[in-house]
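Shown below is the structure under consideration.
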Amino acid sequence: MELKDYQITSNGISLHVTELGDGPAVLFCHGFPDTAYTWRRQMNAVASSGYRAIAPDMRGYGRSSAPSDPAVYTPLHTAGDLVGLLDALKIPSAAIVGHDWGATHAWNAAMMRPDRFKAVFCLAVPYFPRGDVSVFERMRTTGHENDFYMFEQIKPEADQVWADAAITIPGILYWASGSAPVDQRWNPLDPARSLHRPAPGPLPSWVEPDYLAHNVAEFQRTGFHGALNYYRAAELYFDLSAAWKGTKITQPSFYISGKADGLGALYPPAEKLRDGLPGLVGSLELDNVGHWIQHEASAEVSQQLVKFLRTVHPA
């Protein structure tokens, strides 16, 4: 099977897309600070199982357009990009897979367009229906304005903090993973345990050298402004999304988290997931795995994904 890559116009921007295989479509959405390359192992697994794996560099990343205005990075915009991608490829509907911000945007696309996104499989960021207060407001009122990591990510100077991709990309891979020591790994409420610290030495074996080299090179070329705009758009989207307050996602869904992921501290317990996901087929919490689930537990993710697809989106 040959990996294809091409540019398409969607929703007024250009998207760089990679794809592999033939069959029912599976659309992969990556997060921060990443590219479509992050999904290469899962794309191989689903393509080998009779599916068409399609992974764009999300807007702001890699070889896709990166508008400078943070206001155009909400799920309203990315859902438009993804629907436009399906339209350009003449695909009526797809299963959607997401990690990190890609999970947030996959969940939201599925919520807005259940006719186009028939099943959802996400990693590291769960879906909970919109409530009354944004995470930013919650952090302000609980006294975390100076330590919650997203406040640092939205500052203009964050572009410069992240700029040295040869340091920051290996750093986030290491510190947000289950490989880092428990008392030192990333904590979203402790600036001393930030994501952008230099890694202390060689990276764990689960980080593929070609993946690392690809991402470092891409961010050295593009910078981090587009990528960080996802954080800058988050509170704006909360304000724009009041019409979807309490909305459940009824399509079949599956969720995987890592027990060693710092983000876990921010979420309600896993048993509450089904309240917002009545179609939840299953969820897993993996031991000794941090934020980079598709790398740290690559085989497990691929196996669960193929099993899920065969059940809900048969080839």
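The values are calculated or read from the model by the stated rules, or taken from the named source; none is laboratory data. Given the structure is predicted, the values throughout are model-derived calculations rather than measurements. Note: ideal-geometry Cβ built from the backbone for every residue, glycine included; neighbour counts use all protein chains shown. Ligands, DNA and RNA are excluded from the accessible area calculation, which covers all protein heavy atoms including side chains. Shrake-Rupley method; radii C 1.70, N 1.55, O 1.52, S 1.80 Å.
Mind ordering 7-17, 259-269, 25-35, 105-115 by average Cβ neighbours within 10 Å, highest first? Spell out each step's value before the answer.
Numbers: 7-17: 17.8, 259-269: 16.1, 25-35: 25.9, 105-115: 22.5.
Peptide ranking by packing, descending: 25-35, 105-115, 7-17, 259-269.
Oh, and also: How much mean residue ellipticity at 222 nm does the chain get from its helices, if each DSSP H run of length 4 or more adds -39500 (n - 2.57) and you divide by all residues, to the nearest 500 deg cm²/dmol?
-10000 deg cm²/dmol
Another question, then. Once mean projected area of the Cα convex hull in nm² is worked out from the coordinates, which option in (1) 19.9; (2) 14.4; (3) 15.7 does it equal?
From the options (1) 19.9; (2) 14.4; (3) 15.7, the structure gives (2).
Then there's this: Just need the relative contact order of the chain here, percent rounded to a whole number, with Cα pairs under 8 Å and 6+ apart. All intermediate terms of the calculation are to be shown ahead of the outcome.
Details: 618 pairs, mean separation 67.6, N = 315.
So the answer I get is 21 percent.
Output the Kirkwood hydrodynamic radius of region 1-117, Cα pairs only, in Å rounded to one decimal. The partial results should precede the final answer.
Numbers: mean 1/r = 0.0724 Å⁻¹.
With all distinct Cα pairs of region 1-117 included, I get 13.8 Å.
Next question, about the same structure. Which lysines, if any, have their Cα less than 28 Å from the Cα of K155, not counting same-chain residues under 8 positions apart?
Answer for K155, where 28 Å is the Cα cut-off: K245, listed by chain and number.
If you find the alpha carbon centre of region 92-147 and of region 188-246, how far apart are they in angstrom?
Going from one Cα centre to the other spans 15 Å.
Sequence gap at least 6, Cα distance under 8 Å: using those rules, report the relative contact order of region 1-151 to the nearest whole percent.
Here the relative contact order equals 21 percent.
Then there's this: Using only the heavy atoms of the protein chains and a 1.4 Å probe, how would E285, E2, E208 rank by accessible area, largest first?
E2, E285, E208
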